[in-house]
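This report refers to the structure that appears directly beneath it.
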Amino acid sequence: MDIPSFYTGKVFNAYEFLGAHLSPNGTVFRTYAPNASKVSLIGEFSCWKELPMNNIADGKFYELNLPEATEGMRYKYRIYDSKGNFTDHCDPYGFGMELRPGTCSVIRSISRYHFSDTEWLSRRTDCRDKPVNIYEVHLGSWRKKSDEETDWFSYSEIADMLISHVLEYGYNFIELMPLGEHPCDESWGYQSTGFFAPTSRYGTAEQLMEFVDKCHQNNIGVIMDFVPVHFAVDHYALAEYDGSHLYEYPSNDIGYNEWGSRNFMHSRGEVRSFLQSAADYWLSIYHFDGLRMDAVRNLIYWNGDEKRGVNSTAIQFIKEMNAGLKERHPSAIISAEDSSSYPDVTAAVPDGGLGFDYKWDMGWMHDTLEYFRTSPIYRSRDYHKLTFSMHYFYNERFILPFSHDEVVHGKASITQKMNGQYEDKFPQARALYMYMIAHPGKKLSFMGNEIAQLREWDEKREQDWDLLKYPLHDSFSNYIKTLNRIYLKYTALHNDYDSNDFLWEDCSSANRCVYAMRRKSTDGDILAVLNFSDWFQNGYSLKICGGYDVTLLLDSDNELYGGTTPDGKTVCSVNNGEITMDLPPFSGIMLLLRKRDAD
């Protein structure tokens, strides 16, 4: 590691130098503690007796080579502040940690596993013109071995089950909620104490590598949620690491955030090198296909508050980190969870942007779900909540998210949000997801959405898979499978970011609450017609200029999916370029339009 570059925030591989590294001669431990008066190593290898570490480099780093330290042993750094008081800390660059409530780092190998994904990596892209259908997962509550809260499957054990599920339902990416070690299950990984240590809840570093490798061998990309804004307050971790505010702000006014955690001080080069190296670590060592950066708004503005102004040093950090990651991993996907309207989030850094590949469209998500919560009698009034997104859509490259944040803390699950009684929720949810697939933008849906889960997500319980024994839920799940396969198959649904590839065929039928969206491609266009009213609309028609062959791809009201329309019944007719259809309440149809060859 280049020490001057570490101080100026230019390093992306600090983990190759710092941390605990296995070697033929034992383990080499190194830590950065510039304001410590001394540092000792304690661990199982010394019966927890202190082993003084040696000053190296410019005196701000400490090192010890220990032949008797082997894989799987626990350790900590005992760090003495300037007054001689000490605190035992886990390793900021440690590659493993013990299961909570234990707080020790664990010596782990990160070089022993041999991946078999060379072919996958050679053809991987950032999918600008390809389908991205993300299944967001919290590994600890997707499935459990038993009803016990902590009876988790390991990374290795869950891999085949999750891969099979994802393939069956037509997703092509898995996004994992943060896997860095964290002390509290309820934080879901967002309050981290181990930025280089995959949580021991689900096993070891090698097992996580095996999980990613298996996904790649099944043509599934894997994205990980990454938290570059803040860290847990626990004294054994990064907080006041060397007796000073090494990673965090010294002022409480900006040092803490709305989640009660400590904010990283991004103006410090050492902090930038730490975070950039952590991001690179997951992409390089674990072969993740991308990172979703959490709470980017809180990087752009001081504590996420636009009134407090732009945090220029944090913005510069974002730009330099994203540019560096894309230089090293050009085919990886770097996306922003950003609720602000700050411009050019997905513009390239040389063009003045922040350098993300994609940004979550939080406005689309909020407007869409608010619309479907509303009683149908008010939807004519709110009609343009569903057209507004296309006024700003081409400002950024958006992902459309129905994420974990929308199914917890009293918000209700996606299907439960639908207006009306139990039976009314399913046709609306089917129409909602057709609207999502037809709308430009990459897709993300949280686990459980695909089976119309009605209970809010709880990290202590697995998903309610027993729902599939009920016809409405089973039919809904089959509908999602069909819809997702249509999305993966047709290129018109992948051309998201060229305004010439999208057309509103009807966005002025407010009284009818009907919308018609057209996605264009040389392989054929996709037309989605959606009735979000609660009344049957006979004879709705659209004039399609030019000669087209029209094929029905999907009818959300088909009885196969829990609807009322008999399978095989003709639901639309074509005459002289005019498509006429009958639209049941809360329904949508998706059509393929192929240009006829000229005579």
**Request:** Of all alpha-carbon pairs in the chain, indicate the percentage at a distance above 45 angstrom.
**Result:** 22 percent
**Prompt:** Does anyone have the angle between helix 205-217 and the longest principal axis of the chain? Alpha-carbon axes, 0 to 90°, nearest 10?
**Reply:** 30 degrees
**the range 92-168 shape via C-alpha gyration tensor axes, a/c threshold 1.5** = oblate
**Request:** Tell me which residues come under 5 Å, amide H to amide H, from SER509 once H is placed; ignore anything under 5 positions away on its chain.
**Result:** VAL514
**Request:** Pull up the cross-link candidates among the lysines for LYS83, meaning alpha carbon to alpha carbon under 30 Å and not fewer than 8 places away within one chain.
**Result:** LYS38, LYS49, LYS60
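What is the dipole size for the chain, taken about its Cα centre, with +1 at each Lys and Arg Cβ and -1 at each Asp and Glu Cβ, in debye to the nearest 20? Write out the running numbers ahead of the final one.
On the way: 59 positive and 85 negative charges, 130 e Å.
Its charge dipole is roughly 620 debye.
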**Fill in**
Helix 312-328 sits off the longest principal axis of the Cα atoms of the chain, rounded to the nearest 10 on a 0 to 90 degree scale, by 80 degrees
**Message:** With θ taken as phi - 60° and the coefficients 6.51, -1.76 and 1.60, list the Karplus ³J(HN,Hα) couplings across the range 88-99 in order, rounded to whole Hz; mark glycine and proline as x.
**Reply:** 8, 10, 5, 7, x, 9, x, 8, x, 9, 7, 5
**Request:** Per DSSP H run of at least 4 residues, take -39500 (n - 2.57); add these up for the chain, divide by its residues and hand me the 222 nm value, nearest 500 deg cm²/dmol.
**Result:** -7000 deg cm²/dmol
**Anisotropy class of the range 124-190 from Cα gyration tensor, a/c 1.5 cut** = oblate
**Fill in**
In order over the range 428-440: 3J(HN,Hα) from phi, Karplus 6.51/-1.76/1.60, θ = phi - 60°, whole Hz, x for each Gly or Pro, gives 5, 5, 4, 5, 4, 6, 5, 4, 4, 5, 6, 6, x
**Asked** Measuring from label point to label point, each 7 Å out along Cα→Cβ, what is the ASP185 to GLU68 span in nm?
**Response** 3.7 nm
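Quick one: work out Rg over Rh on the C-alpha atoms of the range 361-599, Rh as Kirkwood radius. Mind showing how you got there, number by number?
Details: Rg = 17.3 Å, Rh = 18.2 Å.
With Rg and the Kirkwood Rh in hand, the quotient comes to 0.95.
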**Request:** Have a look at the DSSP beta bridges in the chain and tell me what percent are antiparallel, nearest 5.
**Result:** 70 percent
**Message:** Please list 3J(HN,Hα) in residue order for the range 110-120, calculated via the Karplus relation 6.51 cos²θ - 1.76 cosθ + 1.60 where θ = phi - 60°; whole Hz, with x for glycine and proline.
**Reply:** 10, 10, 7, 6, 10, 6, 10, 10, 4, 4, 4
**Message:** Using a 7 Å offset from the Cα along the Cα-to-Cβ direction at both ASP344 and HIS366, what is the distance between the two label points in nm, to one decimal?
**Reply:** 2.5 nm
**Values of log10 I(q)/I(0), in the order q = 0.10, 0.14 Å⁻¹, for the range 1-155 under a Debye, Cα-only, solvent-free model** = -0.53, -0.88
**Request:** Please list, in chain and number order, the residues 5+ apart from TYR548 or on another chain whose amide H is under 5 Å from its amide H, with Hs placed from the backbone.
**Result:** ARG596
**Request:** Among DSSP beta bridges lying fully in the range 46-178, give the percent that are antiparallel, nearest 5.
**Result:** 75 percent
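Determine the shape class of the range 417-543: with a ≥ b ≥ c the square roots of the Cα gyration tensor eigenvalues, call it rounded for a/c under 1.5, and otherwise prolate if a/b is greater than b/c, oblate otherwise.
Numbers: a/c = 2.33, a/b = 1.44, b/c = 1.62.
Taking the square roots of the gyration eigenvalues as a ≥ b ≥ c, the range 417-543 is oblate.
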**Request:** Place +1 on the Cβ of every Lys and Arg and -1 on the Cβ of every Asp and Glu in the range 3-106, take the dipole about the Cα centre, and give the residue among SER23, SER46, GLY84 whose Cα lies farthest towards its positive end.
**Result:** GLY84
**Request:** Would you list, by chain and number, the aspartates and glutamates whose Cα falls below 14 Å from the Cα of LYS10, excluding same-chain residues fewer than 8 positions away?
**Result:** ASP2, GLU270, ASP280, GLU320, GLU327
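With respect to the cross-link table entries LYS385/LYS411; LYS130/LYS326; LYS307/LYS385; LYS442/LYS520; LYS442/LYS489, which display a Cα-Cα separation exceeding 21 Å? Intermediate results must be reported in sequence, preceding the final value.
Details: LYS385/LYS411 19 Å; LYS130/LYS326 18 Å; LYS307/LYS385 26 Å; LYS442/LYS520 16 Å; LYS442/LYS489 14 Å.
The pairs that break the limit, which is 21 Å between Cα atoms, are LYS307/LYS385.
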**Prompt:** What residues qualify as long-range amide H neighbours of MET97, i.e. H under 5 Å apart, gap of 5 or more or another chain, H built at 1.01 Å from N?
**Reply:** VAL106, SER200
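No value in this document is a laboratory result; all are computed from the given coordinates. This is a predicted model, so every value here is computed, not measured. So basically every Cβ, Gly included, is an ideal-geometry build from the backbone, and we count neighbours across all protein chains shown.
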